[in-house]
Amino acid sequence: MPTSPSVSTPTPPARVRRSRRADLLVTLIALALAVWVTSGLWRDPNGRTIMVNSSDQALFEWLLAFGGHSLTHGQNPLFTHMINVPDGVNLAVNTSITVYAALFAPLTYLIGPPATFLVILTLNLAATAIAWYWLFNRQFARSPLAAGLGGLFIGFSPGMVSHANAHLNWTAGWLVPLLIWRVFALRRSGHRIRDGVILGVLVAVAFSIAAEGLFFTAIALGLFVVVWALHPASRAEARAVLPGFLGGLAVTALVAGVLLAYPLWLHFAGPQRFDGTGFDAVIHSENIAAYGAYPRRSIAGEVGLRTGLAPNPTEENSFFGLPLLLLTIAAFVLLWRRVKQAPQRATLWALGAVAVVFTVLSFGPQATFAGRRFDLPMPFDLLAHLPVVNAALPARLALVVAPVIGVLLAYTVDALRAEPPRSRPARLAWLAAFAVALVPLTPSPLITIEREPIPRFFTSGTWRDYVSPGGVLTPIPLAVDVYPDGQRWQAHVLADRQGEFRIPAGFFLGPGGPDGRGRIGPVPRPLSAILDEAARLGVVPIVTEGTRADVEADLRYWQIEAVVLPDQVHGAKWAVDEEALLQTATALFGEPERVEDVWLWRIPPG
């Protein structure tokens, strides 16, 4: 079970060479699979986008550009007035990925936000598999075969591939094995300060990249440690290491608290904060049947075995398939029967508890099986009103189950290699079980489409002739999650070091939702509603004196200097009617100017 390898006996050179060859092989396989999954974007990083989630891709590209710009220009990377003028956006309660933005800022300036986004996404997938392999092989003393199988499964599990649809935060799964490694290191005596400092820094990094994932990891590790420590076979060892472990955690809390003092203040008490989230917890709960279903981006999904059990294609958080669930149960039973030492059973018991608890919690406030909902009290309902928990999506708790399955698979491979079944049919049955369970889950590439180019009006810098430095320019329709153009244009301008313009609205989480909760984007104003109706439905409004008064009030509120309509507007969920937008804007603002490849309306001051 998870124990450190012995250090008393020197490792033979032949074994070192075999280990290095295994390291290289797993690394190459992980990189090949990562490039395979993202291959549609590699065809043209600046001209293609992920079909099912172009809005989130545009958001992360903007975060990379803004984060690098803010750090190189001495601006606050966690609060900005670049979008949602005049109120601004609290990025500490959004996914700011500040560490990524800082580390990759040179690359963003060199090749642009879309290509940098693709590099990070690809590296995330590969690094997750490699980090888990390293943890299994080096820290838990699993064989390279077992470690490679476990690591590659976790790195390219259905949930990871699903979130590869533009989520740079959730695909950063490489953080989890590093956190596990450093938490286990706190058991050592004599190094609690050093180990606590390292873990504290790692916690701060994880908070910046994937705060929700850090929260889930902390709960899972806490549950594992408690269940393991309470097992009769582990109580004596737990009592022995408890003082040093708690001392190391205290150092971790101090270091992380100092590094995260300002981000945490912004998150819980800063301007433009909110409680809860803009997403419905009932909708974003894991369907019970989804655990036995197959994901869309897999061999099984490609041959038609996919389902519509997820709220959207980016949230297939379980989707292990029935054969893998049966294999996992069989693996657990095999390991339980074979382990000879009680401490190993304590570890199995703790792993099983983590899997069961997170599976049940992922069902959310109301259990659903296929299309049927059950009016039963659910454990998540007891926790849903707690701070932090109320901002988590219950379906994503299922992501914790994949590493547990990966651990069990790795242990099972080692157990079968150490003591193979006596009969040849039994050996073949286990081999067939692994193949039937895992081959259908082999990932297929993300679906990508061409996206509208950045207008020459912005790439050439012509926009500076029509907007004062730091002034407000707006696309039409206004930038929100379903119309990401405005933030894409702004990201290009920032990464190209052309200066700054601000935009109203934008894609972010902010206050203004029902019951004081958050919402996606700002509360709509009359102008944004009129332009959305024209873009989505092709409806040109009848302009009255009341309409003009509302529109003029909005223009003053946002202090807009220029309104821009490109020839092609990107709609993340539906096609946009550009002609209806042109007619609507002309009715509201008068005749436009044709400047390079956009229609432009200058808005007089006041």
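The values are calculated or read from the model by the stated rules, or taken from the named source; none is laboratory data. Please read all numbers here as calculations on a predicted model, not as lab measurements. Cβ atoms come from the backbone with ideal geometry, glycine included; neighbour counts cover every protein chain shown. For the accessible areas, the whole protein counts, side chains as well, though only heavy atoms, and no ligand, DNA or RNA atoms are used. Shrake-Rupley method; radii C 1.70, N 1.55, O 1.52, S 1.80 Å.
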- Grab the strands (runs of 3 or more DSSP E) fully contained in segment 521-606, keeping just those with 1 or more residues being at pLDDT below 95. none
- Residues being modelled with pLDDT under 95, in contact with a helix residue (DSSP H, G or I) (Cβ under 9 Å, 6 or more places away or on another chain) and small (Gly, Ala, Ser) - total across segment 302-343: 1
- Task: Confirm whether Glu500 is part of a helix (DSSP H, G or I), open to solvent by 10 Å² or more (accessible area, probe 1.4 Å) and at pLDDT 95 or above.
- Result: no
- Restricted to segment 206-218, and to residues that are open to solvent by 30 Å² or more (accessible area, probe 1.4 Å) and in contact (Cβ under 8 Å) with a residue 60 or more places away in the chain, which residue is farthest from Ser362 (Cα to Cα)? Ala211
- Item | Any chance Gly470 is small (Gly, Ala, Ser) and surrounded by 23 or more Cβ atoms within 10 Å (Cβ to Cβ) | no
- Note on the structure: Within segment 244-283, residues open to solvent by less than 50 Å² (accessible area, probe 1.4 Å) and closer than 15 Å to Ile198 by Cα come out as Phe245, Gly247, Gly248, Val251, Thr252, Val255, Ala256, Gly257, Leu260
- Query: Hey, among Thr448, Thr412, Thr442, Thr459, which residue is within 30 Å of Leu221 (Cα to Cα), polar (S, T, N, Q), open to solvent by 10 Å² or more (accessible area, probe 1.4 Å) and modelled with pLDDT of 95 or more?
  - Reply: Thr442
- Message: Quick check on segment 188-205. Is at least one of its residues under 21 Å from the mean Cα position of the chain (by Cα), free of Cβ contacts under 8 Å to residues at least 40 places away in the same chain, open to solvent by less than 40 Å² (accessible area, probe 1.4 Å) and within 25 Å of Ala353 (Cα to Cα)?
- Response: no
- segment 222-243: number of residues that are crowded, with 17+ Cβ neighbours inside 10 Å and either aromatic (Phe, Trp, Tyr) or within 23 Å of the chain's Cα centre (by Cα) (or both): 2
- Message: So for segment 140-151 (the condition being of a type outside the set (Val, Ile, Thr) and either under 30 Å from Ser54 (Cα atoms) or without any contact (Cβ under 8 Å) to a residue 60 or more places away in the chain (or both)), does at least one residue qualify?
- Response: yes
- Item | Residues of segment 242-264 that turn out to be of a type in the set (Val, Ile, Thr) and within 17 Å of Ile180 (Cα to Cα), as a count | 2
- Query: So which pairs qualify, if the first residue must be in segment 219-243 and touching a residue at least 60 places away in the same chain (Cβ under 8 Å) and over 14 Å from Ser189 (Cβ atoms), the second must be open to solvent by less than 80 Å² (accessible area, probe 1.4 Å) and outside any helix (DSSP H, G or I), the Cβ gap must be under 6 Å, and the two must be at least 6 apart or on different chains?
  - Reply: Trp228/Ser234
- Members of segment 379-414 found to be aliphatic (A, V, I, L, M) and in a loop (DSSP other than H, G, I, E, B), listed by number: Ala384, Leu386, Val388, Ala392, Leu393
- Hey, Ala290 in a helix (DSSP H, G or I), closer than 23 Å to Thr359 by Cα, in contact with a strand residue (DSSP E or B) (Cβ under 6 Å, 6 or more places away or on another chain) and open to solvent by less than 70 Å² (accessible area, probe 1.4 Å) or not: no
- Query: If you check every pair at least six apart or on different chains, which have Cβ atoms under 6 Å apart with a residue in segment 160-187 that is at negative phi and open to solvent by 10 Å² or more (accessible area, probe 1.4 Å) first and a residue that is part of a loop (DSSP other than H, G, I, E, B) and at pLDDT below 95 second?
  - Reply: Asn169/Thr95
- Any idea which of Ala402, Ala330, Ala346 is under 25 Å from the mean Cα position of the chain (by Cα) and in contact (Cβ under 8 Å) with a residue 24 or more places away in the chain? Ala402
- Query: Is it true that some residue in segment 363-378 is buried (at least 17 other Cβ atoms within 10 Å of the Cβ), among the hydroxyl-bearing types (Ser, Thr, Tyr), part of a helix (DSSP H, G or I) and modelled with pLDDT under 95?
  - Reply: no
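Per-residue answers, yes or no, for (1) β-branched (Val, Ile, Thr); (2) on the phi > 0 side of the Ramachandran plot:
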| residue | (1), (2) |
| --- | --- |
| Gly461 | no, yes |
| Ile476 | yes, no |
| Asp481 | no, no |
| Gln490 | no, no |
| Asp496 | no, no |
| Arg502 | no, no |
| Gly510 | no, no |
